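Worksheet: one structure, shown below.
The values are calculated or read from the model by the stated rules, or taken from the named source; none is laboratory data. This is a predicted model, so every value here is computed, not measured. Backbone-built Cβ (ideal geometry, glycine too); neighbour counts: all protein chains shown. Quick note on the areas: whole protein, heavy atoms, side chains included, nothing else; ligands and nucleic acids left out. Shrake-Rupley method; radii C 1.70, N 1.55, O 1.52, S 1.80 Å.
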Amino acid sequence: MVVVFMANGCEEVEALTQVDVLRRAGIETKAVSITTNKVIKGAHGIDFISDSTIYDIDFDKVEMIVLPGGLEGRNNLMNSKEVVTVCKKFNELGKFVTAICASPSILGENNILQGKKATCYPGFEQQCHGAEISNAVVVKDGNIITSRGPATAMDFAIELVRAIAGDNIAEKTANGLLLK
């Protein structure tokens, strides 16, 4: 299972694209609110409802976590003790920890990018402590996958599918979306 963390102020395209594409690929994916409220207000005023809350998830059954961006969303994720704890634990276990836009800085601020290659939204490079920063659209380094921003959300999603389900499913999903 994949968990996409949802926080008020998240960049809608970065959050919902991940849920949509992963589900199209047949991967069990949950949109998970980081609070007890399932209703999320996105960065551009789009309200949506998450599947569950962070308090309802058995993270032992989760293979990957996804941190969408958006400045306010990133700040809310960063300020969540529960989110930061899950990120650190997943990294220690070698499970996938993924982030897009401003959110790779959460990983940097918590020493998860040490010695890793990563990318992020321009202007957040200095907060990606310990990372070798790339301008690539998507960067995968071991269990860490990062991407740059809203326009790269679809490429990021396909890379997440590739990491969980392999090249064939990733290519089939990309072709079905007319991405490739």
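In the chain, what % of DSSP beta bridges are antiparallel (nearest 5)? Just about 25 percent of them are antiparallel.
Of the options G115, F5, V32, report the single residue whose Cα projects farthest towards the positive end of the charge dipole of the chain (beta-carbon charges: Lys, Arg +1; Asp, Glu -1). Highest projection toward the positive end goes to G115.
A151 to E109: FRET efficiency via 1/(1 + (r/R0)^6), r the Cβ-Cβ distance, R0 35 Å, to the nearest 0.05? E(calc), rounded to 0.05, equals 0.90.
Which order do the peptides 152-164, 115-127 come out in when sorted by mean C-beta neighbours inside 10 angstrom, highest first? Provide the component values of the computation, followed by the final result.
On the way: 152-164: 22.7, 115-127: 18.2.
The peptides rank, most packed first, as 152-164, 115-127.
For the chain, the tally of Lys pairs with Cα-Cα distances below 14 Å comes to 9, considering only residues 8 or more apart or on different chains.
With the convex hull of its Cα atoms as the shape, segment 1-80 has an orientation-averaged projected area of 4.6 nm². Percent of C-alpha pairs per 10 Å bin in the chain, short distances first: 11, 43, 38, 8. Amide H to amide H, with H built 1.01 Å from N, G70 comes under 5 Å of E11, A102, S103, counting only residues 5 or more places away or on other chains.
Among bridges DSSP assigns within segment 88-177, what percent are antiparallel (round to 5)?
Numbers: 4 of 10 bridges.
Here the share of antiparallel DSSP bridges comes out near 40 percent.
Over segment 74-171, what portion of Cα pair distances is larger than 15 Å, expressed as a whole percent? That fraction is 57 percent.
If you roll a 1.4 Å probe over the chain with all protein chains in place, what percent of the accessible area is carbon or sulfur?
48 percent
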